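Novice: There's a structure below that I have some questions on.
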Amino acid sequence: MGALEPDERPEFIRYLVANIKCATCGQQYRPEDIRVMGHQDELWIMVVSCTDCGTQGIIFAMVREGEAPVAEVLSELTQEEWEKLRSIPQIGIDDVLDIHRLLRDFQGDMDELLEGGASPG
């Protein structure tokens, strides 16, 4: 299943672009934000990447000939969890550097790291 070139994308891509927004920030996707990975029969697989917040995801779409596509965002997160995620500040370069330093100097196993026992050195 190779990625399709932009001129090979089916009509429903325009529908997706017009009707699906990023689940994290609500930004409308643009055609270049959706990459068709391929399809098997009626199941199409696409990767989306929000240029606004950087969130990436996968869309599985069932498309039957002659049917108008119906788009629905499926998620295991509740509305409350989405709101909590939206309120978290974006990761900055200082955050990345802090984690890099922590991991570079960390002496221990994954259990210790996840339990909060990580201390540099």
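Bear in mind that the values in this text are calculations on the coordinates, not laboratory data. For clarity, every value in this text was computed on a predicted model and none was experimentally measured. Here the Cβ is made from the backbone with ideal geometry for all residues, glycine too, and neighbour counts use every protein chain on show.
Novice: Roughly how many nanometres apart are two label points built 7 Å out from the Cα toward the Cβ at residue 39 and residue 105?
Specialist: The two pseudo-label positions are separated by 5.4 nm.
Novice: Let me ask something additional. Using a cut-off of 11 Å between beta-carbons, work out the net charge of the residues near residue 26 (Lys and Arg +1, Asp and Glu -1, residue 26 not included).
Specialist: My count for the surroundings of residue 26 gives +1.
Novice: For a quick check: with amide H placed at 1.01 Å from N, whose amide H comes under 5 Å from residue 27's, ignoring anything fewer than 5 positions away on the same chain?
Specialist: Under 5 Å from the amide H of residue 27 lie the amide H atoms of 22, each far enough along the sequence or on another chain.
Novice: Under a point spin-label approximation (7 Å from Cα along Cα-to-Cβ), what is the residue 96-residue 112 distance to one decimal in nm?
Specialist: 2.8
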